[in-house]
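What follows is a short report on a single structure.
What follows is calculated from the coordinates using simple rules that are stated; it is not laboratory data. Since this is a predicted model, take the numbers as computed values, not measurements. Glycine also receives a Cβ, built like all others from the backbone with ideal geometry; neighbour counts cover every protein chain displayed.
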Amino acid sequence: MIEIDNLTKTYGAGPQAYQALRGVTATVRANEFFTLLGPSGCGKTTLLRMIAGFETPTSGKLLLDGQDVSASPPYRRPVNTVFQSYALFPHMTCAENIGFGLKMLGKPKAEITRTVGEMLDLVQMTPMANRRPSQLSGGQQQRIALARALAPKPKVLLLDEPLSALDYKLRKDMQIELKRIQKDTGITFVFVTHDQEEALTMSDRIAIMNAGTIRQIGSPRDIYDQPAERFVADFIGETNFLTVGLLGVAGQTARVALPSGRELDLRAPGELPKGPQVTMAIRPEHLELVAADAGQLSGRLSNIVYFGTDTHFHVDLGEGGALVVRSQNKPDQMPRLTAGEAVGISVLPGTGQVLRD
Amino acid sequence: MADRKRFDVRALPGLSFMAGSCFVLLYLPILLVVIYSFNAGNTVSIWEGFSWRWYQAAWNNAAVQEATLRSLMVASIASVLATAAAVLAALATTRSRGFRGRGIVLGLINQPLMVPEIVTAVGLLIVFSMIKVATGYQGIGYVILAHASFCTPFAFMSIRARLQGMDLSLENAGADLYGTPVRIFRHVTLPQLWPGILSGWMLAFVISLDNVVITEFVKSAGQDTLPTYMLGQLRRKITPEINAISTVLLLISIALVITAYLAGRKRA
């Protein structure tokens, strides 16, 4: 559907030049919910604006449905955007806002009226048809912006952090709503966010971006369970990083020596740095507190942080660094632990991996 | 929370007196003009009782009628020309990629605000007389053109301010929704710019309506506008008829300026 071929974008020239995109290549499939996720300044919004046509690439190509649109202005691309600020036309009613794209395309009045009705229905805003945007709440404006972008039935819908201005509850509702609409309409969604939870819950696939490049593309599960590198593991969810000794590699498995001296087999995707020391990444929920001297690692509890659904145990490994162990709170299952106690840590089988930096 | 130790200009001695004097100096002469327009007597300084007679006199004065109509005609055409030029200039300076010398262009558009009016007047007089010789055209067009040129920066200021305050993402949304640049201007930019255009046009109209200096230099014989007619009358005998005309002009100006202000504020 969208082929992004080695796109770069450089602002300015000479020593002040800033490279917003440094060669981005990706393919967005038809009908998928594709998310660009990354910290602010990673280039995700630049890439989105480039797909919309508001930015021209410095080099590289952008293909939409097989056609090179790199040089087409926004109004010639079958792509619509839900803007972060919604950008609803204040001098038009909601119905007129939604019908704007169809009107510009020169569709007959009857068709516009029918589609606007369908769209209002889709976003459950029919009673608001004749209101002005200023008379709506943020969540309602959001729905109108979505309806307006969907009305011309674009091949691709671009969403630029559309939920960031909503409060937590409303955001949750809209996440489900967006996913439903994407399924119902079958339109390809390209969604930009810096909120990893949003990305994980909504996306079919996620592209993790950093410093103008895509670091990894995969399903939410792939990205979370098998981060390709340290940046991805660190950015998505929480991850413990431990320096371990590399004993040997056999295919995709590496044998490592933990700080405690115990040996462990870990998944090792991709090539590893040569050297005696490598980084092991392990999620806090893949660790378990056990009796002192029982697990593969041992240390002392330095802090216990209660989160309602679960508890984070900060464990000081002495020379070997520090770890966080997360365990779900179930009544009467955990022995009452206090800071300062000696504990053992066991690594759940099949978890953890060796990562390139 | 207000900082109580903050400098407050009201603490200065004599401030109220100073401010009061300034307002009196500003508005007392205007007030006197208005009061004496109702004078029953023949002078502008000795009160002889209330009367509408000078308003009637002005109304029935053929020369005043003619000058008034000419003033309104000049102001109407000149302000529309000025507003059209101002809209284009404002778009060029706010809706374009930054170009070299943008600051200079801004300065050039605002030139009439900085160059002494008398200099412009002399300049126009010379240029227009050259054109007159070359073409033989003697009509009111010169006055209209001159007015349009010095009214432009006034319209420009209010239109540009409105354009700068507008959300650029709206025009992006228009382009995203298949609007070509021309249609975006027509359907997105213009409807929102309208209050700015209206207020700019009214300001231009008022400025044109009371111009004396440039008009005096540029006009040919028999092309008096209301202000130049009044100036001409002052050279002879001053009667409260001048006060009456002034009062009407004052009311028109106040009404237009207030409307312009309200229009500019609307949905801004």
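Here are the numbers for the structure shown:
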item	result
Which of B:K132, A:K330, A:K107 has the fewest Cβ neighbours within 10 Å, and the rest in rising order	A:K330, B:K132, A:K107
Of all DSSP beta bridges in the protein assembly as shown, antiparallel share, percent nearest 5	75
Computed [θ] at 222 nm, helices only, for chain A once each DSSP H run of length n ≥ 4 contributes -39500 (n - 2.57)	-7000 deg cm²/dmol
Cα long-axis angle, helix A:138-150 against chain A (0 to 90 degrees, to the nearest 10)	70
Degrees between helix A:94-104 axis and first principal axis of chain A (Cα, 0 to 90, nearest 10)	70
Proximal lysines relative to A:K153, as straight alpha-carbon distance under 20 Å, when same-chain residues fewer than 8 apart are discounted	A:K103, A:K107, A:K109, A:K179, A:K183
Inter-label distance, nm, simple model (7 Å from Cα along the C-beta direction), A:T56/A:D167	4.6
Cα gyration tensor category, rounded, prolate or oblate, for chain B with a/c compared to 1.5	oblate
Kyte-Doolittle mean at least 0.5 and Cα axial length at least 30 Å: DSSP H helices in chain B	B:15-36, B:62-94, B:141-165, B:240-265
Segment B:61-265: relative contact order in percent, alpha carbon pairs under 8 Å with at least 6 residues between	35
Proximal aspartates and glutamates relative to A:K9, as straight alpha-carbon distance under 14 Å, when same-chain residues fewer than 8 apart are discounted	A:E55
Counting DSSP beta bridges with both ends in segment A:2-230, the antiparallel % (nearest 5)	55
Prolate/oblate/rounded call for segment B:3-85, Cα gyration tensor, a/c under 1.5 rounded	oblate
Segment A:22-136: relative contact order as a whole-number percent, Cα under 8 Å and 6+ apart	19
Between segment A:103-140 and segment B:215-265, the alpha-carbon center distance in angstrom	51
Positive dipole terminus of segment A:27-164, leading residue within A:G38, A:T27, A:Q141 (C-beta point charges)	A:Q141
Signed unit charges on C-beta, dipole axis of segment B:79-162, positive-most listed residue B:L108, B:F128, B:I140	B:L108
Given charges at beta-carbon only (K, R positive; D, E negative), |dipole| of the protein assembly as shown in Debye	1920
Where GluC sites (Glu not before Pro) fall in DSSP loop in segment A:214-302, at most 10 other Cβ within 10 Å	A:E271
Folded to 0 to 90 degrees: helix A:109-122 orientation relative to chain A principal axis, Cα	30
